[in-house]
Amino acid sequence: MIFPVLTQSQKRSIGVLALMGLIGGGTAMAIGELGMRLTQIWEFLLPILQKLPIPEMASQIAGMVIECSLLIGFISVSVMFMVWWERKVSAHMQSRLGPMTTGGWHGWAQTIADGIKLILKEDIIPESANSWVHRLAPVLVFVPAFICYAVLPFGSNLIAVNLDIGVLFIFAISGLSVLGIVMAGWGSGNKYSMLGGLRAAAQSVSYEIPRVLSIVPILLFVGSLKLTDIANYQSGMWFGFIPRWFIFYPVIGQIAFIIFLISSVAETNRTPFDIAEAESELVAGFHTEYSGMKFSLFFLAEYAYVFLSSGLTTALFLGGGSGPLLPTWVWFLLKSFGIVFLFLWFRWTFPRMRVDRLMEFTWKFLMPWSFVNILIAGAVVLALGV
Amino acid sequence: MATELIRIPGSDFQTEEMILNLGPQHPSTHGVLRVVLKIDGEVITAAQPDVGYLHRGTEKLAENRTYPQMLVISDRWDYLSAMSNNLIWCLAVEKLLQIEVPLRGDYLRVIMVELNRIASHLVFFGTYGIDIGAYTPFLHAFREREKILDLFEEVSGARMTYNYIRIGGVMADLPEDWIGKCRSFLEWIKPRFVEYDILLTENPIFKDRTQNIGIISKEDAISYAITGPNLRGCGISFDLRKDEPYCHYQDFKFDVPTGKQGDCWDRYWVRIQEMKESVKIVEQALDHLPTGVPNAKVPRIIRPPVGESYAQLEAPRGVLGIYCLSAGEDKPYRVHVRAPSFINLTILQKILVGMKLADVVAILGSIDIVLGEVDR
């Protein structure tokens, strides 16, 4: 059966989705490049501000605050969307409906309600916990996730800080989160939490290595660590129809992509690599003893990292914002959320790996293959003189 | 259980063993089981299961209840397969009374018990997925189980504690069109087993977590009196339905699946195959369902003669037996339940040693205990 018979409500849903897509696409095209528009707004405001009796220092700080608020706003909204989306995706994979009532249309306001509930909850610090370590841990987990967004290119000209060492910066800063997880595990004064923290430390340290090594071939080709350079390098087409994205580089691109994706899933502590949380073994691992807002910071950080990994994958392998018709930031978001969907798909399909097998997998499988990939890429670069 | 200091040879460095209380409040102990684990890092050096948190004293209660009243309590032992519990109590009492159940009654019992076996193994399949870390199989299994419970609800009025199989037969004959509904359910569930294989059975991560984990040798299985799928997973073909048929099981054609080496995956695989065999049995029973009344004539007040009886059957979790002693009154003098979950659980402290912490839930899940039956 090539054309499945659709019910009336399915036809209606498809119609609504198509209409939403058209309206959304039209709006996006009308807005155009977001980076360009923001620059225009800035250029419009700057002369007005200069006439006002404000010291230049203050206006610069105000500019930074606005930039940060935009990023925080984006992270919060995208996390809220992702949580709702994950619930819907998992529900449909498990022949359920998921949230349906809160907010009316398919429970869209469920995450807002959850957020309010988490804020209003009592904040408990267990008696056996080390109070300061316990309090500091969620902050230390979330802050690096937020900092990393500063160098993520959301589209052409849409980047908060265009660092020359953008890729390295993201790996270095996101690695700091492990510290927070270990602190949470140790500081909770709970045996299960401690085991979770130790597992998380071992896992993150191990998977960092193949993750960095897997993108060395890209750096060999591009010759720069700047994320915008890497994204620009991938624009254009081969033979007029294959995009010059890194994932389409024969053999090298695919190996690198798979290793990077697997290590990214492991870095974000999600199934099948969620051994640090391991609900059925460690009862939630490092965040067993957290409640209320502190728990929601862990939650926020997890989803922030999921989107960060997806955005990084998009920038490194899927050509960043390159694509026809629509503006670059729309393409970037579309591709990133496509990768986010992969993350969700993995989570609701696979069982959890065991901690020692996980280590074997990274050291005995991912590492050698990433080295092989670097060798091949190096040979190609030498031979072709790219 | 005391911890020991572990000295690392050639250095001043030393570590300490840790005692970890797995349960009674833990998501993966399938109820209120407590396992005291002594762990060295992630490796288990000793394990001590602690049962009794759900003890309700049903064996003692039986001494103060009439024979039909005890049937209600029997539902509460293994609450995932209450039909088997009903049946074993009835078989034991019928032995005392020397009653022959009509053929239709026996066939109805077989249908119900086998459907219940499918439902029980579906719960195992789902919860085992959760133990290993996969959530989706659980909800898929419960979707199927829901349909079986709907069938039971139509027959008995209850969804969990059926009280359907009665002394001398069954509570009531089948409702109208129940056979058709049952047949359409059987047709519907067959392709689901293929889905399960794709989703979990053949999943490389799942195989990695379960193969060569928690191996029970044939000798151990026999000396610990392991029964049911756990025994058949070791490669021993022992099934009371074949070896000591009751309720006319000899009329049905079915295979007894056996595993190869007795690891977690074999035990899991045996249960999946058993569901397929149960579907076959129910189909045959529906095809050849005899006509007539399902119930035998039973005296109004059941007062068996002085004597004793032991009946056993193949429950989803192993050999479920009842020893019933009658002093000639309307209440039993003494009742003993041979609960398969309880006896299967005894091997836990032997096979856990040397395993990783993550394997505890995998092994415990593969033994498939129901705490209501362990503690009774």
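The values are calculated or read from the model by the stated rules, or taken from the named source; none is laboratory data. Because the structure is predicted, anything quoted here is derived from the model rather than measured. Positions of Cβ are generated from backbone atoms using ideal geometry, with glycine treated the same way; all protein chains shown enter the neighbour counts.
Taken over the range A:97-111, residues that are within 14 Å of another protein chain (Cβ to nearest Cβ) and exposed (fewer than 15 other Cβ atoms within 10 Å of the Cβ) amount to 1.
Sort out which residues of the range A:317-331 are part of a loop (DSSP other than H, G, I, E, B) and in contact with a Ser or Thr (Cβ under 7 Å, 6 or more places away or on another chain), and write them in order of number. Within the range A:317-331, A:Gly319, A:Gly320, A:Gly321, A:Ser322 meet the criteria. The number of residues in the range B:338-370 being more than 14 Å from every other protein chain (Cβ to nearest Cβ), assigned to a helix (DSSP H, G or I) and among the hydrophobic types (A, V, I, L, M, F, W, C) comes to 6. Filtering the range A:258-273 for residues that are crowded, with 18+ Cβ neighbours inside 10 Å, within 14 Å of chain B (Cβ to nearest Cβ) and of a type in the set (Gly, Ala, Ser) leaves a non-empty set.
B:Arg183: in a helix (DSSP H, G or I), within 22 Å of B:His30 (Cβ to Cβ), out of contact with any Lys or Arg (no Cβ under 8 Å at 6 or more places or on another chain) and away from chain A (no Cβ under 14 Å), yes or no? So B:Arg183 does not fit the description; no. Considering only the range A:264-272, I want to know if a residue exists there that is free of Cβ contacts under 8 Å to residues at least 12 places away in the same chain and closer than 19 Å to A:Thr362 by Cβ. Taking every residue of the range A:264-272 in turn, none turns out to be free of Cβ contacts under 8 Å to residues at least 12 places away in the same chain and closer than 19 Å to A:Thr362 by Cβ. For the range B:90-97, state whether one or more residues are under 30 Å from B:Pro137 (Cβ atoms), assigned by TED's automatic domain parsing to the domain that holds B:His140, assigned to a helix (DSSP H, G or I) and at pLDDT 90 or above. No - not one qualifying residue is present in the range B:90-97. Kindly evaluate A:Phe337 against the criterion of being among the hydrophobic types (A, V, I, L, M, F, W, C), out of contact with any strand residue (DSSP E or B) (no Cβ under 8 Å at 6 or more places or on another chain) and within 20 Å of A:Ile159 (Cβ to Cβ). Spelling it out, A:Phe337 is indeed among the hydrophobic types (A, V, I, L, M, F, W, C), out of contact with any strand residue (DSSP E or B) (no Cβ under 8 Å at 6 or more places or on another chain) and within 20 Å of A:Ile159 (Cβ to Cβ).
This table checks each residue for (1) modelled with pLDDT of 85 or more; (2) touching an Asp or Glu at 6+ places or on another chain (Cβ under 6 Å); (3) surrounded by 16 or more Cβ atoms within 10 Å (Cβ to Cβ); (4) not in a helix (DSSP H, G or I).
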position	(1), (2), (3), (4)
A:Val83	yes, no, yes, no
A:Ala91	yes, no, yes, no
A:Ala113	yes, no, no, no
A:Asp123	no, no, no, yes
A:His134	yes, no, yes, no
A:Leu140	yes, no, yes, no
A:Ala145	yes, no, yes, no
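Residues that are within 11 Å of chain A (Cβ to nearest Cβ) and touching a Lys or Arg at 6+ places or on another chain (Cβ under 6 Å) were ranked within the range B:97-143; the one that is surrounded by the fewest Cβ atoms within 10 Å (Cβ to Cβ) is B:Gly133. Only residues that are at pLDDT below 85 and charged (D, E, K, R): list them for the range A:353-367, please. Those that are at pLDDT below 85 and charged (D, E, K, R): A:Arg354, A:Asp356, A:Arg357.
For B:Gly105, the requirement of being in contact (Cβ under 8 Å) with a residue 12 or more places away in the chain, in contact with a strand residue (DSSP E or B) (Cβ under 8 Å, 6 or more places away or on another chain) and of a type outside the set (Val, Ile, Thr) is met. Quick one: would you say A:Phe365 is within 14 Å of chain B (Cβ to nearest Cβ), among the aromatic types (Phe, Trp, Tyr) and not in a loop (DSSP other than H, G, I, E, B)? The answer is yes for A:Phe365.
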